[in-house]
Amino acid sequence: MSSKYWAVFKISWENGLVYRLNFTLWRVRSVLQLLLVYFIWWTVFQTQDQIFNYTKVSILTYVMVASLIRAIILSSRAVDVSAQINDGSIVNFLVKPLGFIKYYFARDLADKLLNISFVIFEIILLVIILKPPLLIQQNFEILLFFTLATILGLFLYFAMAFCIGMLAFWVENAWGPLFLVTIILEGFGGGLFPIDILPKNIYDYVMLTPFPYLIYFPAKLYLGNLPTMEIFKGFIILISWVFIGWYLMMAILQQGLKRYTAFGY
Amino acid sequence: MAVILVKNLKKYYRVNQKEPGLWGSIKSLIARKYYDVKAVNGISFEIKEGELVGFIGPNGAGKTTTLKVLSGLLYPTSGSVRVLGYEPFKRQSILQKQFSLIMGQKNQLWWDLPPLESFLLNKEIYEIEDSQFKKKVNELSEMLEVSDILKIQVRKLSLGQRMKCELIAALLHSPKVLFLDEPTIGLDVVAQKTMRDFIKEYNKKFKATIILTSHYMGDVKELCKRVIIINQGKIVYDGLLEKIVNRFAPFKVISIDFEKMAEKEELAEFGKLDEFDGIHAKIQVNKDEVPDKTSRLLSKFEVADLTIEDPSIESIIREVFSNGRV
Ligand SMILES: Nc1ncnc2c1ncn2[C@@H]1O[C@H](COP(=O)(O)OP(=O)(O)OP(=O)(O)O)[C@@H](O)[C@H]1O
Ligand SMILES: [Mg+2]
């Protein structure tokens, strides 16, 4: 049974390797992004030792870890489903004994593995070159929380991206909603700055949305200075969103297929 | 046993009526006007195990729609459909493992990888045994003469080679039922012939039940004893191809090359002239009069060459379509 999805994983991996140039450009982009954020914060800390509860060490660590998390959580191709709906190649899945969501998830994992192996290499390289002061987290419990949050975030983002991709069942072009989500994600995901530098009341609202759980929350966990209560609360919200996301994804898929089989494409 | 059973099948597409212009699109947002495209409008047929049936009709007749309903891609508006006893739109894997849909214009092969990789993926998806898989790949690629290209990137293959590999990918799980939607579209004469021979042999060898649509009457003539002719969502003929040929064409065509220029008037008594340019003529002659008229033609004219032909299927089908009913 699972060997099906293992085969999907393998072929996606091979397919990913074919696009070496594309992939390299994509990695170059994320390295540049990392460098940009890194140097902005580095410059800010030239004149100060501490800003909004962050020291130079903690913010630079945050930036590096956020980049790793990006490669794990945000490297998803689930929105590609919209292209397959639009060009009709979805037909190839629907006539086969194959779980649609499982298929895409297996493809995603292959893609993530590819990205992760590169980002680790990149980070090691940058650490060697830039020699930033970094916090190496050694507390096992914290590392466990960090890993758990990252895995949950991976599931959450998959569901979000897949839901957006499936809009193609209803509208011809899903780039509008996708663009919106990307913008919100850049702002409130925590990729550019840790969310807790925002005013407290805004922060509280943002933490109720799914976005900060895609980068900020796991990265913050890694730093290890989140109060137990906050960790607890964070996990409850995150897990709730994962359930909501997966439930929505199943429901949308069901409705979408219903529509598809009624209308053709 | 009927492998495919279709009863009073209707498939209407609901289409949102849009008026042109900005105002039109705003209006259509507020008060949506729909109309139904009656793509398939009450068709019934039965296909037995091992039959190879040609499903023909002009553009927009409803052929692809029917095949999509049979494959479980479209939910019928009304009527009942059974394939191997299952309802296709439930998309149960037990049925999906036993049929294949091949559309000439949709590919399943991974574009950037060699066909063999896609085959391996299908092996897992359809849970095919190792030995069976190897046997099948060898067998099919030999039949289609593509054994040497299985490790070349799909994007580097010619259309014909690609279609053959598509066919292999779709046949690895030894489907009992095949829906072929224009499998020879865009292929050159040689590739078309290979494909045809292959389909014929596959049907014989594996007793596969096949529905084939094609706009190339050569395909149909070569492959299908039985044809179902559909026009505007309705079946206008279902029966032996031979029979419809006889009904619409109880005549043969005598094709003659003369040694010397002949006169049109002299030929008129032999039958209706399909073609005539003085030195070459095609005459429609009733079947039972063929021997008599042939000998009279040979004695009356100096004939360089004479052949007796069947009227082209195209011309017959055209006749059927234009008459609407049989
Ligand atoms: N998704 C759709 N929405 C609305 N109308 C559709 C849709 N798909 C097909 N149709 C219409 O349904 C009718 C039948 O189409 P279908 O594709 O079944 O024809 P066909 O016999 O396969 O034609 P062809 O020989 O051109 O492939 C056509 O009038 C077509 O315009
Ligand atoms: Mg068609």
Report task. Report the charge-dipole magnitude of chain B in Debye, nearest 20, computed about the Cα centre from +1 at each Lys and Arg Cβ and -1 at each Asp and Glu Cβ. Result -> 2060 debye
Report summary line: Lys and Arg at +1, Asp and Glu at -1: neighbours of B:G239 with Cβ under 12 Å from its Cβ sum to +2
Report summary line: To the nearest 0.05, the calculated FRET efficiency linking B:D112 and A:I101 through their beta-carbon distance, R0 being 22 Å, is 0.40
Report summary line: Partner shielding of A:5-17, taken as the mean number of other chain Cβ atoms within 10 Å, equals 3
Query - Cα gyration tensor, the range B:153-222 - rounded (a/c under 1.5), prolate or oblate - result: oblate
Report summary line: Hydrophobic long helices for chain A, i.e. whole DSSP H runs reaching 18 angstrom or more by Cα along the axis with Kyte-Doolittle mean at least -0.5, come out as A:2-18, A:20-47, A:56-69, A:100-130, A:140-166, A:175-188, A:228-263
**Report entry** Å² per residue, accessible surface of the range A:1-154 at 1.4 Å
**Finding:** 50 Å²
Query raised in the report: How much length, in nm to one decimal, is gained on full extension between A:I183 and A:K233, taken as 0.36 nm per residue of separation minus their Cα-Cα distance?
Result: 15.4 nm
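What average number of partner chain Cβ atoms lie no more than 10 Å from the Cβ of the residues making up A:92-103?
Averaged over the peptide's residues, the number is 5.
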**Report entry** For chain B, alpha-carbon Rg relative to the globular expectation (2.2 N^0.38 Å, N residues)
**Finding:** 1.23
Query raised in the report: Rounded to the nearest 0.05, what FRET efficiency do B:S299 and B:K204 have when you use their Cβ-Cβ distance and R0 = 51 Å?
Result: 0.65
**Report entry** Distance violations [Cα-Cα > 31 Å] among B:K243/B:K282; B:K38/B:K221; A:K220/A:K258
**Finding:** A:K220/A:K258
Query raised in the report: Taking the Cα-to-Cβ direction at B:I185 and at B:F276 and moving 7 Å from each Cα, how far apart do the two end points lie in nm?
Result: 4.2 nm
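Can you tell me, using C-alpha contacts under 8 Å and at least 6 residues apart, the relative contact order of chain A as a whole percent?
26 percent
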Requested in this report: Using only the alpha carbons of the range A:119-176, determine the length spanned along each of the three principal axes and report them from longest to shortest in whole angstroms.
Outcome: 49, 30, 16
Query raised in the report: With labels modelled as points extended 7 Å from the Cα through the Cβ direction, what inter-label distance (nm, one decimal) is found for A:W170 paired with A:D80?
Result: 2.5 nm
Query raised in the report: Cα-based Rg (one decimal) and Dmax (whole number) for the protein assembly as shown, in Å?
Result: 32.5, 116
Report summary line: The farthest towards the positive end of the charge dipole of chain A, of the residues A:L148, A:T261, A:V171, given +1 on Cβ of Lys and Arg and -1 on Cβ of Asp and Glu, is A:T261
Query raised in the report: Given A:F93, A:M64, A:Y19, which one lies farthest toward the positive end of the charge dipole of the range A:3-264, if we put +1 on the Cβ of every Lys and Arg and -1 on the Cβ of every Asp and Glu?
Result: A:F93
Query raised in the report: Roughly what would the spin-label model give for A:W6 and A:Q254, points 7 Å off Cα along C-beta, in nm?
Result: 3.1 nm
Query raised in the report: Most fluctuating residue of B:E129, B:E275, B:E117 in a GNM of chain B with Cα springs under 10 Å: which is it?
Result: B:E275
Requested in this report: For the range B:250-309, with all protein chains present and a 1.4 Å probe, just round the carbon and sulfur fraction of the accessible area to a whole percent.
Outcome: 49 percent
Query raised in the report: If you place +1 on the Cβ of every Lys and Arg, -1 on the Cβ of every Asp and Glu, and leave all else neutral, what size is the dipole of the protein assembly as shown about its Cα centre, to the nearest 20 Debye?
Result: 1760 debye
Query raised in the report: Anyone know which of A:L135, A:L114, A:L21 comes out most mobile in the 10 Å Cα GNM of chain A?
Result: A:L21
Requested in this report: State to the nearest 20 debye the size of the charge dipole of the range B:250-309 about its Cα centre, where the only charges are +1 on K and R beta carbons and -1 on D and E beta carbons.
Outcome: 180 debye
Report summary line: Correct semi-axes for the range B:149-300, from √(5λ) of the alpha-carbon gyration tensor and rounded to whole Å with the largest first, are 42, 21, 13
Query - Candidates B:K221, B:K252, B:K272, ranked by Gaussian network fluctuation over chain B, Cα under 10 Å, top entry - result: B:K272
Query raised in the report: Around A:F169, with a cut-off of 12 angstrom between Cβ atoms, what is the net charge of the other residues, counting Lys and Arg +1 and Asp and Glu -1?
Result: +1
Query raised in the report: In the neighborhood of A:F52, defined by Cβ-to-Cβ distances under 15 Å, what is the net charge if each Lys or Arg adds +1 and each Asp or Glu adds -1?
Result: +1
Report summary line: Judged on accessible area alone, 1.4 Å probe, highest first, A:D196, B:D274 line up as B:D274, A:D196
Query raised in the report: Which semi-axis lengths, in whole Å and largest first, follow from the square roots of five times the eigenvalues of the Cα gyration tensor of the range B:96-214?
Result: 19, 18, 13
Query raised in the report: For the Cα atoms of chain B, what angle does the longest principal axis make with the long axis of helix B:130-143, in degrees from 0 to 90, nearest 10?
Result: 20 degrees
Query raised in the report: How much FRET efficiency would the formula 1/(1 + (r/R0)^6) give for A:V57 and B:E46, where r is the Cβ-Cβ distance and R0 is 45 Å, rounded to 0.05?
Result: 0.05
Query raised in the report: Percent relative contact order of the range B:250-309, based on C-alpha pairs within less than 8 angstrom and at least six residues apart?
Result: 51 percent
Query raised in the report: Which is farthest toward the positive dipole end of the range B:120-159 among B:V137, B:Q153, B:Y126, measuring Cα position about the Cα centre, with Cβ charges +1 (Lys, Arg) and -1 (Asp, Glu)?
Result: B:Q153
Query raised in the report: If you wrap a convex hull around the Cα atoms of the range A:82-210, how much volume per residue is inside, in Å³?
Result: 171 Å³
Query raised in the report: Where Rh denotes the Kirkwood radius from the mean inverse Cα pair distance, what is Rg over Rh for the range B:71-113?
Result: 1.07
Report summary line: Taking chain A, the whole-percent share of alpha-carbon pairs separated by over 30 angstrom is 32 percent
Query - Percent of beta bridges antiparallel (DSSP, the protein assembly as shown, rounded to nearest 5) - result: 70 percent
**Report entry** Helix axis angle, B:313-323 relative to chain B longest principal axis, alpha carbon, degrees
**Finding:** 80 degrees
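Please give the per residue volume of the convex hull enclosing the alpha carbon atoms of the range B:250-309, rounded to a whole number of Å³.
Per residue, the Cα convex hull of the range B:250-309 comes to 66 Å³.
The values are calculated or read from the model by the stated rules, or taken from the named source; none is laboratory data. Owing to the predicted nature of the structure, the values given are computational and were not obtained by experimental measurement. Here Cβ is always computed from backbone atoms with ideal geometry, including for glycine, and neighbour counts include all displayed protein chains. Ligands, DNA and RNA are excluded from the accessible area calculation, which covers all protein heavy atoms including side chains. Shrake-Rupley method; radii C 1.70, N 1.55, O 1.52, S 1.80 Å.
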